[in-house]
Amino acid sequence: METVIGGEFKIPLLDIETKEFDNGIFFASGRGAFAAILKRIIANNNTIHKLGGVMLPDYLCSSITQVCIDEKISYQFYHIKDDLLPDEEQLMPKLDDNSVVLLISYFGMIDVENVANRIKKQNPNVVIILDDVQNYYSQYFESTFWDYRFNSYRKWFAVPDGAEVFCKSGSIDLPHAKNTFAQYKFSGNVLKNFSEWVEDSLCLDLIGKGEEILDTDYNCECSKISRHLIPEISFEEIKSKRMENASFLHDELKKLGIKHTYNPESVPLFIPVFLENRSEVRKKMFSNNIFTPIHWPYESDKLNGTLKNQLYKTELSLICDQRYSLNDMKKQIEVLKNVYRNYRQME
């Protein structure tokens with residue numbers, strides 16, 4: 001059977017202990033973690049309402065904006081440049097003592113610490129929330145520039161949910177609502193082990209049902225399923241494999257002269273490439289069973305800032321995760337090379 005690259009993780013069948021692990025992972029998702037942070041800021045001093053809400057980057061997943069809408073918190077956008085760093089000339093004049101700023105560690109490879117330090121130097125009272133969902137292997141564990149930081153497990157590992165919140169000081173209210181979405185995602189991902197007998201459409205239906213529930217019921221606790229699975233994760237092996245695959249992709253992309261983002265010291269979620277002919281490339285990838293995602297789909301100016309940010313039109317995420325070999329990386333490069341060569345000849 002031909003290898004399919006991309007898509008949902010397959011959760012392996014494991015002999016897992018029946019006891020519950022106390023591993024400190026309380027939140028179900030990154031958006032639930034973000035909502036809890038916003039609630040704490042409001043409970044502390046209500047500054048989040050004084051300026052006009054949270055400062056969000058204009059290149060982000062719309063689910064983040066939706067959390068602000070659900071929590072009835074206003075927001076405004078600041079610009080993210082082509083290098084995935086904030087446009088400080090635009091951002092800095094908007095900040096004062098009541099400002100709350102969300103920074104995103106894009107793809108686990110963009111260093112936002114210097115930007116954050118300049119924000120804090122200009123005004124120490126600015127509250128910085130660091131979205132490390134794309135940066136599980138964060139270099140910011142010991143950093144002090146952020147006031148709140150959150151991550152997520154389900155984009156990185158074969159688990160249906162799980163997220164963490166870190167506070168510079170104090171504690172945060174934990175969710176107590178029952179998790180109703182993880183069971184669907186878990187069931188769909190486990191059934192992927194039986195692909196010879198179970199139609200992939202059934203797996204996707206179950207996973208999709210879980211995602212539909214997550215869209216509205218994200219303020220819930222981490223499932224017992226993930227509390228059992230997470231201690232079984234081989235974090236260091238996964239780190240090594242991701243870095244190996246990413247290094248190969250980087251070397252090949254350099255040869256092709258394709259713009260991309262890479263940091264040899266970081267563990268990437270994906271390797272983002274930036275292509276004028278993204279739709280053509282992605283269509284060709286799909287026809288070769290390579291399901292490269294985009295980060296992120298544009299939905300509206302209200303949710304994403306503005307389509308004027310070219311990143312929404314050009315970014316394509318090459319897959320480098322632990323499920324795949326260097327031969328799979330070569331397959332992605334070969335497809336990209338062929339489409340890119342034809343595109344260049346047409347110019």
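The values are calculated or read from the model by the stated rules, or taken from the named source; none is laboratory data. Keep in mind that what you see is a predicted model, and the values were worked out from it rather than measured. Reconstructed Cβ throughout: ideal geometry from the backbone, glycine too, with neighbour counts over all protein chains shown. These accessible areas exclude ligands, DNA and RNA; they are computed on the full protein's heavy atoms, side chains included. Shrake-Rupley method; radii C 1.70, N 1.55, O 1.52, S 1.80 Å.
Odds and ends about this structure:
- Residue count, the stretch 275-309 (criterion: in contact (Cβ under 8 Å) with a residue 40 or more places away in the chain, of a type in the set (Phe, Trp, Tyr) and more than 25 Å from Tyr140 (Cβ to Cβ)): 1
- Against the conditions (1) open to solvent by less than 30 Å² (accessible area, probe 1.4 Å); (2) in a loop (DSSP other than H, G, I, E, B); (3) over 20 Å from Leu84 (Cβ atoms), Ile333 satisfies every one except (2).
- Total residues in the stretch 51-82, condition assigned to a strand (DSSP E or B) and either over 13 Å from Thr306 (Cα atoms) or at pLDDT 95 or above (or both): 8
- Here Lys168 passes the criteria (1) open to solvent by 30 Å² or more (accessible area, probe 1.4 Å); (2) under 26 Å from Ser317 (Cα atoms); (3) touching a residue at least 24 places away in the same chain (Cβ under 8 Å) except the one numbered (2).
- Taken over the stretch 248-273, residues that are exposed (fewer than 15 other Cβ atoms within 10 Å of the Cβ), touching a residue at least 12 places away in the same chain (Cβ under 8 Å) and acidic (Asp, Glu) amount to 1.
- Some residue of the stretch 167-181 being more than 15 Å from Gly30 (Cα to Cα), touching a Gly at 6+ places or on another chain (Cβ under 7 Å) and among the aromatic types (Phe, Trp, Tyr): no
- Every condition in (1) touching a residue at least 40 places away in the same chain (Cβ under 8 Å); (2) under 22 Å from the mean Cα position of the chain (by Cα); (3) at negative phi holds for Leu206 except the one numbered (1).
- Residue, nearest to Ile172 (Cα to Cα), within the stretch 142-152, restricted to residues that are open to solvent by 10 Å² or more (accessible area, probe 1.4 Å) and out of contact with any Asp or Glu (no Cβ under 7 Å at 6 or more places or on another chain): Tyr148
- Any hit, the stretch 230-247, residues being part of a loop (DSSP other than H, G, I, E, B), open to solvent by less than 10 Å² (accessible area, probe 1.4 Å) and under 23 Å from Ile104 (Cβ atoms): no
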